[in-house]
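Engineer: Take this structure first; my questions come after.
The values are calculated or read from the model by the stated rules, or taken from the named source; none is laboratory data. Remember, predicted model here, so these are calculated numbers, not experimental data. Reconstructed Cβ throughout: ideal geometry from the backbone, glycine too, with neighbour counts over all protein chains shown. Just the protein is used for accessible areas: all its heavy atoms, side chains included, with ligands, DNA and RNA removed. Shrake-Rupley method; radii C 1.70, N 1.55, O 1.52, S 1.80 Å.
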Amino acid sequence: MRGRAEADTGLLHRTWWAPYLFLAPGLLMVTLFSLWPFVNTVLLSFTDARILRGGGFVGLDNYRRALSDPDFWVATGNSVVYLLVVVPCLVFLPLALAVLVQTKVPGIGFFRSAFYTPVIASAVVVGLIWQWVLRSDGLVNTVFRKLRIVSEPIPFLTDSTMLLVSAMIVTVWKGLGYYMVFYLASLGNVPAALHEAAALDGAGAVRRFFSITVPQVKPMMLLVGTLSAISALRVFTEIYILGGESGGPGGGARTLPFLIRQVGLGFSGETGYASAISILLFLLTLVFSLLGRRLSKGDES
């Protein structure tokens, strides 16, 4: 009976390796472009390899060097500050934006598209636009000087602190529409009956937002927080476009990805040392990812 059933369903010639045959192309791609590069980076981090030559085993010397390198700590501090400023903005501002564009009024589709446009724009194009807006003779400084708000141009791109703040503004501006879509999907699952009942009890829009909307979308807020934290620790393009190859005056606005590029590229690039910094960045990212997962589990319980 079993053999006949298998014959009827076409499963007679199925073998144990058939599922793995379908998975093979994907597994091969993951191995070649994700798993092997990661393993190779770990191995290189224990060597003194350079771009044009191999290296010998040096143990933990690269990690000791990184932990005693002032440039590493400046870059780490910038990355952490970037995360602490950008993540709250990308958790709460897109939520407020999603609540606003969720309203069904004529022409709301245009505003949804307009808010999402920066997401599909090239990061380089966005950086160049903001560079034109923020430079000394750019749009913002020109308007401020015409209105006599400032007498001298604001050094958005020539001061390390202001450059870091400017890059944060660009990151938040570009990420608003992306995370707005996440919240729109989550808001669609909030029961309308809850808002109607609260409105009958006299609760205003603000009270309903904090008492109903926020608790209902809290899991999505944790997800957005985790994703934006990972992205903030990997930021590079904004710093590079706005501050140039040096990462601002004296490299004061460099983040960890920026430092990895500077250390590892060029004819004298120190591949081993850059790999060690990459692993430390991976560990820092892992810490924040696990923290987000822990908060998510606590919320579910």
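Engineer: Taking the range 96-121 only, how many residues are open to solvent by less than 60 Å² (accessible area, probe 1.4 Å) and under 30 Å from residue 254 (Cα atoms)?
Structural biologist: First, the residues of the range 96-121 that are open to solvent by less than 60 Å² (accessible area, probe 1.4 Å): 96-99, 101, 107-109, 114, 118-119, 121.
Subsequent filtering for residues that are under 30 Å from residue 254 (Cα atoms) retains 118-119, 121.
Qualifying residue count, the range 96-121: 3.
Engineer: Would you point out which residue out of 203, 185 is aliphatic (A, V, I, L, M) and more than 16 Å from residue 93 (Cα to Cα)?
Structural biologist: That would be 203, the only listed residue that is aliphatic (A, V, I, L, M) and more than 16 Å from residue 93 (Cα to Cα).
Engineer: From the list 245, 238, 196, 270, exactly one residue is out of contact with any Ser or Thr (no Cβ under 7 Å at 6 or more places or on another chain), under 19 Å from residue 171 (Cα atoms) and not hydroxyl-bearing (Ser, Thr, Tyr). Which is it?
Structural biologist: The conditions single out 245.
Engineer: Continuing with the same structure: Kindly provide the set of residues from the range 124-165 that are open to solvent by 40 Å² or more (accessible area, probe 1.4 Å), assigned to a helix (DSSP H, G or I) and either of a type in the set (A, V, I, L, M) or closer than 19 Å to residue 239 by Cα (or both), ordered by number.
Structural biologist: Once the filter is applied, which keeps residues that are open to solvent by 40 Å² or more (accessible area, probe 1.4 Å), assigned to a helix (DSSP H, G or I) and either of a type in the set (A, V, I, L, M) or closer than 19 Å to residue 239 by Cα (or both), the range 124-165 yields 124, 125, 128, 129, 130, 131, 132, 139, 143, 161, 162, 165.
Engineer: Taking residue 255 as the residue in question, decide whether it is in contact with a helix residue (DSSP H, G or I) (Cβ under 7 Å, 6 or more places away or on another chain), polar (S, T, N, Q) and within 18 Å of residue 81 (Cβ to Cβ). Can you show your working first?
Structural biologist: Numbers: in contact with a helix residue (DSSP H, G or I) (Cβ under 7 Å, 6 or more places away or on another chain): yes; polar (S, T, N, Q): yes; within 18 Å of residue 81 (Cβ to Cβ): yes.
Against the criterion (in contact with a helix residue (DSSP H, G or I) (Cβ under 7 Å, 6 or more places away or on another chain), polar (S, T, N, Q) and within 18 Å of residue 81 (Cβ to Cβ)), residue 255 qualifies.
Engineer: Quick one: which of 289, 231, 275 is open to solvent by less than 20 Å² (accessible area, probe 1.4 Å) and either part of a helix (DSSP H, G or I) or touching a residue at least 24 places away in the same chain (Cβ under 8 Å) (or both)?
Structural biologist: 275
Engineer: Which of the residues spanning the range 39-93 are within 27 Å of residue 246 (Cα to Cα), open to solvent by 80 Å² or more (accessible area, probe 1.4 Å) and of a type in the set (Phe, Trp, Tyr)?
Structural biologist: 73
Engineer: Next question, about the same structure. Somewhere in the range 147-161, is a residue within 23 Å of the chain's Cα centre (by Cα) and charged (D, E, K, R)?
Structural biologist: No - not one qualifying residue is present in the range 147-161.
Engineer: Out of the residues in the range 146-177 meeting the condition of being hydroxyl-bearing (Ser, Thr, Tyr) and in contact (Cβ under 8 Å) with a residue 60 or more places away in the chain, tell me which one is farthest from residue 85 (Cα to Cα).
Structural biologist: Taking the candidates together, the pick is 158.
Engineer: Filter the range 47-85 for residues that are in a loop (DSSP other than H, G, I, E, B) and either closer than 17 Å to residue 238 by Cα or acidic (Asp, Glu) (or both) and give the result.
Structural biologist: Of everything in the range 47-85, those that are in a loop (DSSP other than H, G, I, E, B) and either closer than 17 Å to residue 238 by Cα or acidic (Asp, Glu) (or both) turn out to be 48, 69.
Engineer: Failed condition for residue 185, given (1) open to solvent by 40 Å² or more (accessible area, probe 1.4 Å); (2) over 25 Å from the mean Cα position of the chain (by Cα), with all others met?
Structural biologist: Against the list (1) open to solvent by 40 Å² or more (accessible area, probe 1.4 Å); (2) over 25 Å from the mean Cα position of the chain (by Cα), residue 185 comes up short only on (2).
Engineer: Can you find a residue in the range 201-209 that is among the aromatic types (Phe, Trp, Tyr) and either touching a helix residue (DSSP H, G or I) at 6+ places or on another chain (Cβ under 8 Å) or surrounded by 18 or more Cβ atoms within 10 Å (Cβ to Cβ) (or both)?
Structural biologist: yes
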